[in-house]
Amino acid sequence: MAIELDQASNWFERAQYRKIITELDQQPEFKHNPDLIALYIKAMFNLRQREQANTLLNQLIIEFPEHSELLYLAGINKIVLAADGALINARQRTSDGLQLLLQAISVNPHNYPAQQALISFYQSAPAAAGGSKELAAERARLLAELNPLQGVLAQAQLLILEERLSEAVALLDKHLQQQQNQADLLAIKASILARQNAHIVALQLYSKTAEYSTDPAQRYSALYQIGRLAVLTNNNVLEGITALSEYIGYYADSEQSRLNWAKLRLVQLFMLAGSNVRAELLFAEIANTTSADEQFMNLKDQVKLQLATPE
């Protein structure tokens, strides 16, 4: 049975990246559908198969030269590889990636991830690599003419990249007065306040983000943050338990990178709520987990000791 785009999109939303690749590999005709191919490529990104994806994308942008999403994915992948790889080919990859982003936007100006990526690149990259704060500001202005909300998001991101966090919050507040339930604005403001250790207010904003978001990735990211901040503040513990329980249920049997973090935070919340039996049962699921994330491993060891220490 042929895999439809909706089915593959659902797998991607649930971070079932290996399933996407396995299922589509058994259906070679998917290579004639550039929208399915784009999901396949994004699954490769999430499985850290960026070099393999680069090789495939080099072929795909020749086959589908007018497909904005594939051009964007090819461009952003080259820029990421340039940042992470050897200096010997970093400059060429960065230059190629920049040109692909520009091409993606030329094909479809409403490709907003490409627009935002280009603005962030211009703002962050050194001048020798093509960066230009003037071009970033100009692109943000043009984007605002095309889509006012995307323009605000771009302007806020520029302020964040310059560490002008108070100005970013003021900009967001100005637009939230007219669009108080706009999830993108709420999510960015919440992330800034969390970064400033205003955890309780950030938690409230993430709760509103989860309530009003129509994007599953954004909604479940907000739920994760609700749980994390509930641990850090020892406030809204029951709300945090509910949020992380939903998060874990949604991403069960997936490659979601935060899944074990979510389980560890939920263990902490169960302990805060006095539910040590539930905490021990859940901790058993991750007790033997290893990770390159040193913070995760250190916290896991701390929680293990707390569970083993009689009250």
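Assorted remarks:
- The lone criterion from (1) more than 23 Å from Phe45 (Cβ to Cβ); (2) at pLDDT below 95; (3) among the small types (Gly, Ala, Ser); (4) open to solvent by 50 Å² or more (accessible area, probe 1.4 Å) left unmet by Ala284 is number (2).
- Thr209 vs. criteria assigned to a loop (DSSP other than H, G, I, E, B), in contact (Cβ under 8 Å) with a residue 24 or more places away in the chain and among the β-branched types (Val, Ile, Thr): no
- Residues satisfying the stated conditions in region 1-49, i.e. under 22 Å from Lys78 (Cα atoms), open to solvent by 60 Å² or more (accessible area, probe 1.4 Å) and free of Cβ contacts under 8 Å to residues at least 60 places away in the same chain: Lys31, Asp35, Arg48
- Which numbered condition Ser95 fails, given (1) farther than 29 Å from Glu23 by Cα; (2) under 18 Å from the mean Cα position of the chain (by Cα): (2)
- Among the residues making up region 50-93, those that are charged (D, E, K, R) and open to solvent by 60 Å² or more (accessible area, probe 1.4 Å) are Arg50, Glu51, Glu63, Glu66, Asp84, Arg91.
- Subset of region 204-229 that is among the hydroxyl-bearing types (Ser, Thr, Tyr) and more than 14 Å from Gly240 (Cα to Cα) - its residue that is surrounded by the fewest Cβ atoms within 10 Å (Cβ to Cβ): Thr214
- From the list Gln302, Gln256, Gln306, Gln268, the one residue that fits, being in contact (Cβ under 8 Å) with a residue 40 or more places away in the chain and of a type outside the set (Lys, Arg), is Gln256.
The values are calculated or read from the model by the stated rules, or taken from the named source; none is laboratory data. All of these numbers come straight from a predicted model, not from anything done at the bench. Here Cβ is always computed from backbone atoms with ideal geometry, including for glycine, and neighbour counts include all displayed protein chains. For the accessible areas, the whole protein counts, side chains as well, though only heavy atoms, and no ligand, DNA or RNA atoms are used. Shrake-Rupley method; radii C 1.70, N 1.55, O 1.52, S 1.80 Å.
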